[in-house]
Amino acid sequence: MNIILMGPPGAGKGTQAANLVKEYGCAHISTGDIFRKALKEQTKYGVIAKYFIQFGHLVPDDYTIAMVREHLKENEFPNGFILDGFPRTIIQARELESIAKEFKFQIDAVLNLDVDFDKLTKRLSGRRTCRECGATFHDEFNPPKQVSVCDACGGELYQRPDESEEAVKVRLDTYTKQTRPLIDYYTMKGEITNINGDQSMEEVFNEIKKSLEGK
Ligand code: ADP
Ligand code: AMP
């Protein structure tokens, strides 16, 4: 099963993608994670992406699409994949459709995690991310068992530099202007399922699982 997981920054995409990986054994493709890894390794995509990410802007479509294309071409997904954070623009959505035709796969579900904007800042400011495996926690809503240590792999937890107040403002604004129009795009195609992301993590996951029944 191939899924697009959409929603504003902090909506819970990474959290729910981790649940889906456990439940269905599919691969988690997070463009944010791929960019952060590229940044750490100083690859060409990392060097280009650095300044855009730091200030909360989207990395230009050409690079993002090329990177996703490469990732889909070079890896196998026997149990399907979850796209988390891609597409983020209409151009990316259209390109994904041509990549799907070329590589002969289909998108089985487009899930949109719906969370009130005023809740997102708190989710983002309390988020702690593992340097090693990318797992996310929250100081208040999902604290790790040991402070600053990842429950999953023992890696160090850190606060992402693009979670400063200023960068979060830009990211939410960027979402409104460039990514939210995708909701209409997929609604018109009759492909979207809205999920109430403003519930406990377990409740959100149950709603997702229900929506995937029979897919
Ligand atoms: P995204 O990948 O959409 O940016 P994350 O999955 O990283 O979002 O979630 C953002 C923060 O909010 C994390 O710290 C996570 O632990 C927390 N979180 C995720 N889902 C919920 C939820 N349903 N209720 C409260 N906090 C949540
Ligand atoms: P995320 O981890 O999904 O919050 O993404 C972190 C940052 O990576 C974003 O703020 C963007 O700068 C960049 N990024 C991730 N996915 C995309 C995308 N599909 N298009 C453009 N930029 C992206």
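The values are calculated or read from the model by the stated rules, or taken from the named source; none is laboratory data. Bear in mind that the values here come from a model prediction, so they are computed numbers and not experimental data. FYI the Cβ positions are ideal-geometry reconstructions off the backbone, even for glycines, and counts take in every protein chain you see. Protein only, heavy atoms only, side chains kept; ligands, DNA and RNA dropped before computing areas. Shrake-Rupley method; radii C 1.70, N 1.55, O 1.52, S 1.80 Å.
Here Ser148 fulfils each of the conditions (1) in contact with a helix residue (DSSP H, G or I) (Cβ under 9 Å, 6 or more places away or on another chain); (2) at pLDDT 95 or above; (3) farther than 17 Å from Ala17 by Cα apart from (1).
Residues checked against (1) touching a helix residue (DSSP H, G or I) at 6+ places or on another chain (Cβ under 6 Å); (2) touching a residue at least 40 places away in the same chain (Cβ under 8 Å); (3) more than 19 Å from Gln16 (Cβ to Cβ):
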position: Gly134; (1), (2), (3): yes, yes, no
position: Glu140; (1), (2), (3): no, no, no
position: Gln159; (1), (2), (3): no, no, yes
position: Ile183; (1), (2), (3): no, yes, no
position: Ser200; (1), (2), (3): no, no, no
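Every condition in (1) hydrophobic (A, V, I, L, M, F, W, C); (2) open to solvent by 20 Å² or more (accessible area, probe 1.4 Å); (3) within 14 Å of ligand 2 (Cβ to nearest atom); (4) over 17 Å from the mean Cα position of the chain (by Cα) holds for Ile99 except the one numbered (2).
Let's see how each residue does on (1) closer than 19 Å to Ile195 by Cα; (2) of a type in the set (D, E, K, R):
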{"position": "Leu83", "(1), (2)": "yes, no"}
{"position": "Ile91", "(1), (2)": "no, no"}
{"position": "Arg94", "(1), (2)": "no, yes"}
{"position": "Ile99", "(1), (2)": "no, no"}
{"position": "Asp118", "(1), (2)": "yes, yes"}
{"position": "Arg128", "(1), (2)": "no, yes"}
{"position": "Glu132", "(1), (2)": "no, yes"}
{"position": "Ala135", "(1), (2)": "no, no"}
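Among the residues of segment 143-186, the ones that are part of a strand (DSSP E or B) and open to solvent by less than 50 Å² (accessible area, probe 1.4 Å) come to 3 in all. Considering segment 108-130, the residues that are away from ligand 2 (no atom under 15 Å from the Cβ) and open to solvent by 50 Å² or more (accessible area, probe 1.4 Å) include one that is nearest to Glu156 (Cα to Cα), namely Lys122.
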